Amino acid sequence: MQIAQLSEHLGQEVILKGWVSNKRKGKGLAFLLLRDGSGFTQCVVDANNVSDKNMELALDLSLESAVIVKGSVVKDDRQVGGYELSVKEIELIHQSEEYPISNKEHGVDFLMQNRHLWLRSKKQWAKMRIRNTIIYGIHSYFQQKGFVQMDAPLFTANACEGTTTLFHTDFYGEEAFLSQSGQLYGEAMAMAMGKIYTFGPTFRAEKSKTRRHLSEFWMIEPEMAFYDLEMNMDLIEDFMRFLVRRVVECCKEELALIGRDIDSLIKSDAVFPRLTYTDAVSILRGEKEVNGLSSLKVLEEDLTNAKSKLESNLSEIEEREANIAKGGLKKGVVNFNKNKIANLSAENKVLEEACRNIPSWIVSAKSFKEGEDFGGSDETVLTRLFETPIMVYNWPKGIKAFYMKECEEDARFVKGVDVLAPEGYGEIVGGAERENKLEILQSKIKEHELSEEDFKWYLDLRRYGSVPHAGFGIGLERFVAWMTGSKHVRETIPFPRMYGNLMP
Ligand code: 4AD
Ligand code: MG
């Protein structure tokens, strides 16, 4: 019996096994917020209903103590999940030592050091459940469509995504790398199976501390024989919209717990605009409008709005503080005001950040040079005018990987596609139609200063039955960050590995 099943047992006596996540006391009453992994529910311990010993035990319980409770299920719409337990008996399994994480605000550094415990907190619990729903959704989607799941090796001799972000390791005295991507192996498998997808950890050694970078992240890489760029983009869009729907349908409770704006997720389940890189550059620089709007003008408006909201929040805070200082208010009214002040201050932090960032975003967007790759802020500016993800295709070949197919109409560009998510989440998917001509691929390997010897086996794929094919890679944590509205990818994976973070 689990908390998630309480609704099926209304009025019945049930037994729950879990941990005390929060506790309040009243006269002859203890309210335990019990969590058991499947959910959270309030357990009401009333001195009139339990033995004296049990009442004493309930009042003494420390946070995160493990208990078994017996009681009857009562409907109460005010409670999380809509039900609570009227307790008859409690058994103590373990009285917890003083728990380091309280309901007070903790700094992120402290929480990250206690990641092994932080995972029990409500919001982290919700995020991990959403991650799980997404993982299951990914497998369902591809399995239903006849894709074969394959596991690519993690020790590799090939630099798939450039040589600058490799983790070096020793493989019986031979130099090897931790895989940056399973794609090259996926291509081989696609020639055997038709349509495949990998689902595994990948490694990038960039020493960057941005909110989008992990050293170890999970990537899903489908690869399809006889697919061109357009078919690839159709699949990406269908797949991503399927996942968004899944999350919205299956994770209502979790999304509500973390305060994710569901409307913006629902809106993103619509046609994804497709733009060439060249058009994207014009939009970024404010030279080209989208539905009569210029990205830079909208950002300037955002800045003006942020500034005036900040001002009005500050004066409201001042007013409320003055009221409290005057004295003579009831305790409830004081608390109400204090609460408002805390919320306004939190909102102001976000607004201050926007006021700091937007001016520099505008400057760098205006001065963006054609041929360069988009930075994080460029992606935010570019997606500002869209409610769905956008697909940017036909990239300058100088900034993309060696395996991407050159455009027939203009060999300065390659048939790559990046999907950029809205609300500042940026690149979530990278994909391409692959170069299928042996000679071109050989010369691209040289251009990228890679050793042809290392890619001998890969080139065989262009010798024996070479066909047009395409695929993409989606970063699981970036997708989860978007769905959960997490500012930083570190909260979207149980134990993040990042530059400067190896413990716990
Ligand atoms: O754009 P990337 O580097 O593409 C590839 O690796 C291709 N081999 C994929 C393919 O065509 N089969 O990475 C794909 C995605 C990115 O869009 C991003 O979502 C994620 O992987 N990603 C990262 N996520 C977290 N931390 C990092 N350091 C990431 N680097 C890439
Ligand atoms: Mg990329």
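The values are calculated or read from the model by the stated rules, or taken from the named source; none is laboratory data. Because the structure is a prediction, the values reported are computed rather than measured. No Cβ is skipped: glycine too gets one built from the backbone with ideal geometry, and neighbour counts run over all protein chains shown.
Assorted remarks:
- Strands (runs of 3 or more DSSP E) lying entirely in segment 162-236 (those with 2 or more residues that are touching an Asp or Glu at 6+ places or on another chain (Cβ under 8 Å) and within 16 Å of ligand 2 (Cβ to nearest atom)): 195-203, 216-225
- Only listed residue being buried (at least 19 other Cβ atoms within 10 Å of the Cβ), within 30 Å of S179 (Cβ to Cβ) and assigned by TED's automatic domain parsing to the domain that holds N132, chosen from L255, L214: L214
- Test: residue in segment 241-248 that is without any contact (Cβ under 8 Å) to a residue 24 or more places away in the chain and assigned by TED's automatic domain parsing to the domain that holds M150: yes
- Contacts under 8 angstrom Cβ, first residue in segment 14-31 being within 18 Å of H94 (Cβ to Cβ) and assigned by TED's automatic domain parsing to the domain that holds N54, partner surrounded by 17 or more Cβ atoms within 10 Å (Cβ to Cβ) and polar (S, T, N, Q), 6 or more apart: L16/T41; W19/S65; V20/S65
- Residue list for segment 38-96, filter: of a type in the set (S, T, Y), more than 26 Å from L117 (Cβ to Cβ) and at pLDDT 95 or above: S51, S72, S86
- Taken as a whole, the condition of being closer than 16 Å to V392 by Cα, in contact (Cβ under 8 Å) with a residue 12 or more places away in the chain and of a type in the set (A, V, I, L, M, F, W, C) does not apply to V298.
- Inside segment 473-495, residues that are more than 8 Å from the chain's Cα centre (by Cα), within 16 Å of ligand 2 (Cβ to nearest atom) and either closer than 19 Å to R245 by Cα or among the charged types (D, E, K, R) (or both) make up a count of 2.
- Scanning segment 289-336 for residues that are of a type in the set (G, A, S) and surrounded by 13 or more Cβ atoms within 10 Å (Cβ to Cβ) yields S294, S295, A306.
- Subset of segment 61-94 [in a loop (DSSP other than H, G, I, E, B) and surrounded by 14 or more Cβ atoms within 10 Å (Cβ to Cβ)]: L61, L63, E64, S65, D76, Q79
Residues checked against (1) under 32 Å from the mean Cα position of the chain (by Cα); (2) modelled with pLDDT of 95 or more; (3) of a type outside the set (A, V, I, L, M, F, W, C):
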{"residue": "V392", "(1), (2), (3)": "yes, yes, no"}
{"residue": "E427", "(1), (2), (3)": "yes, yes, yes"}
{"residue": "A432", "(1), (2), (3)": "yes, yes, no"}
{"residue": "W457", "(1), (2), (3)": "no, yes, no"}
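- When segment 153-174 is limited to residues that are crowded, with 17+ Cβ neighbours inside 10 Å and of a type outside the set (V, I, T), the one that is farthest from the chain's Cα centre (by Cα) turns out to be N158.
- Within segment 17-60, the residues that satisfy the criterion of being surrounded by fewer than 20 Cβ atoms within 10 Å (Cβ to Cβ), assigned to a loop (DSSP other than H, G, I, E, B) and touching a Lys or Arg at 6+ places or on another chain (Cβ under 8 Å) are D36, N49.
- Among the residues listed as T156, T163, the single one being of a type in the set (V, I, T), within 16 Å of ligand 1 (Cβ to nearest atom) and touching a His at 6+ places or on another chain (Cβ under 9 Å): T163
- Every pair of residues 6+ apart whose Cβ atoms lie under 6 Å, when the first sits in segment 127-148 and is modelled with pLDDT of 95 or more while the second is of a type in the set (S, T, Y): K127/T484; I130/T484; F142/Y197; F147/Y197
- Conditions (1) in a helix (DSSP H, G or I); (2) exposed (fewer than 13 other Cβ atoms within 10 Å of the Cβ); number of the one not met by Y464: (1)
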